[in-house]
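Remarks on the structure that follows.
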Amino acid sequence: MLVLEIEDIKTLISKIGYKEFYLELIKTMEEDYSAWESFDKCPRVANHVDGGVIELMPISNDTLYSFKYVNGHPKNPTQHKMTVMATGQLSLTKTGEPLMFTEMTLLTALRTAANSAMAAKYLAKKDSRILTLIGTGAQSEFQYLAFSYIFDLKEVRYYDTDPKAMEKFATNMSQYNILLTPCKDAYEATQGADIVTTCTADKRYQTVLTKDMIQKDVFINALGGDCPGKTELQKELVEESTVVVEFLEQAKIEGEIQQLSSSFTCTEIYEIIRGEKQLNVATHGTIIFDSVGFALEDYSVLRLIYNLAQKNNIGKEMNLIPKLNDVKNLFSLL
């Protein structure tokens with residue numbers, strides 16, 4: 001069974017390069033979303049605990065099964081622990097044989113940003129130049145990079161309630177040729193924006209973005225509403241915008257649309273990718289991509305990383321599954 005550690009993922013990304021990896025991941029996601037009906041899908045399994053949530057995200061088709069273990073504990077940084085930590089597994093559907101076990105904290109950040117950029121590729125104005133980030137935590141730099149490979153960005157406006165997070169972001173971004181504009185609040189950050197990403201950690205109903213902040217039609221990449229009882233957008237803003245989701249059944253439980261009627265319906269991103277529906281900010285006004293993170297995105301990055309690891313001979317084969325001459329004689333191992 002192939003096992004990939006954090007160093008292995010770093011080696012792969014370094015060898016391939018950010019741009020090629022992001023574009024290949026977006027292509028892989030488009031392929032998988034286009035095969036929507038072939039997947040056995042369900043909302044993630046969530047255990048809500050004091051101070052956070054622990055989740056399993058499974059999905060499969062006739063070829064491969066994948067799952068991700070992931071947590072979300074907003075107060076973890078006060079204990080010098082990450083808010084989000086993840087691992088994942090890829091297996092053969094036909095036999096259930098595990099193929100790969102891997103770290104997925106880095107991979108989740110990469111696939112989340114790739115998914116955002118993929119949606120924006122279809123939904124945002126083609127000439128989008130100004131990216132706003134509300135929340136400059138662990139996801140922020142990944143978001144910038146992914147969007148920069150799809151759009152000719154000229155400016156990043158950003159705000160976080162934590163000044164240290166803003167300083168961290170500015171330091172990490174100093175290596176890139178982009179105008180950085182720190183802002184005093186979310187309202188200032190959204191001014192002039194073509195694309196607005198909201199990504200905050202608090203597990204509660206809150207209003208990070210309101211209707212009055214939106215001065216022109218924009219693409220809103222709403223990442224931070226990702227579990228029951230956690231939202232970032234004003235209800236009126238959601239009601240008056242065109243909404244696109246990953247998986248409607250899950251988004252009703254965890255997304256911004258949990259604020260709306262249970263009968264609410266909208267476009268799912270696979271319909272856009274397959275060309276069955278065509279939406280764009282230029283013709284339809286403000287569009288919200290109500291993205292909560294869906295298991296298909298994990299499937300895509302696991303499928304891609306497994307192929308790349310094999311091709312580049314990266315990772316370790318570990319003896320985690322018994323190899324027996326008589327497969328019914330498990331006791332012989334002892």
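The values are calculated or read from the model by the stated rules, or taken from the named source; none is laboratory data. Everything numeric here is computed off the predicted structure, so don't read it as measured data. All Cβ positions, even for glycine, are placed from backbone atoms using ideal geometry, and neighbour counts span all protein chains on display.
Quick notes on this structure:
So that you can scan it fast, the table gives a plain yes or no per residue for (1) crowded, with 24+ Cβ neighbours inside 10 Å; (2) outside the structural domain of LYS19 (by TED's automatic domain parsing); (3) farther than 20 Å from GLN310 by Cα; (4) at pLDDT below 95:
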residue: VAL84; (1), (2), (3), (4): no, no, yes, yes
residue: GLU103; (1), (2), (3), (4): no, no, no, no
residue: ARG129; (1), (2), (3), (4): no, yes, yes, no
residue: PHE142; (1), (2), (3), (4): no, yes, yes, no
residue: TYR149; (1), (2), (3), (4): no, yes, yes, no
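- All of (1) crowded, with 19+ Cβ neighbours inside 10 Å; (2) in contact with a Gly (Cβ under 6 Å, 6 or more places away or on another chain) hold for PHE67 with one exception: (2).
- Every pair of residues 6+ apart whose Cβ atoms lie under 7 Å, when the first sits in the stretch 273-288 and is at pLDDT below 95 while the second is surrounded by fewer than 18 Cβ atoms within 10 Å (Cβ to Cβ) and of a type outside the set (Gly, Ala, Ser): none
- Filter result (among the small types (Gly, Ala, Ser) and out of contact with any strand residue (DSSP E or B) (no Cβ under 9 Å at 6 or more places or on another chain)) within the stretch 307-334: SER332
- Options GLY52, GLY17: the member that is surrounded by 15 or more Cβ atoms within 10 Å (Cβ to Cβ), farther than 24 Å from SER91 by Cβ and more than 17 Å from the chain's Cα centre (by Cα): GLY52
- The set of residues in the stretch 247-269 that are surrounded by fewer than 22 Cβ atoms within 10 Å (Cβ to Cβ), part of a loop (DSSP other than H, G, I, E, B) and not β-branched (Val, Ile, Thr) comprises LEU260, SER261, SER262, SER263, PHE264, CYS266.
- Residue in the stretch 178-197 that is closer than 22 Å to MET82 by Cβ and in contact (Cβ under 8 Å) with a residue 40 or more places away in the chain present: yes
- Count - residues of the stretch 66-83 that are touching a residue at least 40 places away in the same chain (Cβ under 8 Å) and outside any strand (DSSP E or B): 3
- Only a single item in (1) closer than 27 Å to LEU209 by Cα; (2) part of a helix (DSSP H, G or I); (3) not hydroxyl-bearing (Ser, Thr, Tyr) is not met by GLN278, and it is number (2).
- Only residues that are charged (D, E, K, R), at pLDDT 95 or above and in contact with a Cys (Cβ under 9 Å, 6 or more places away or on another chain) were counted across the stretch 210-260, and they come to 1.
- Among the residues of the stretch 37-59, the ones that are touching a residue at least 60 places away in the same chain (Cβ under 8 Å), over 18 Å from GLY224 (Cβ atoms) and not in a loop (DSSP other than H, G, I, E, B) come to 2 in all.
- Residue within the stretch 270-281 that is surrounded by 20 or more Cβ atoms within 10 Å (Cβ to Cβ), closer than 23 Å to PHE67 by Cα and in the same structural domain as SER128 (by TED's automatic domain parsing) present: yes
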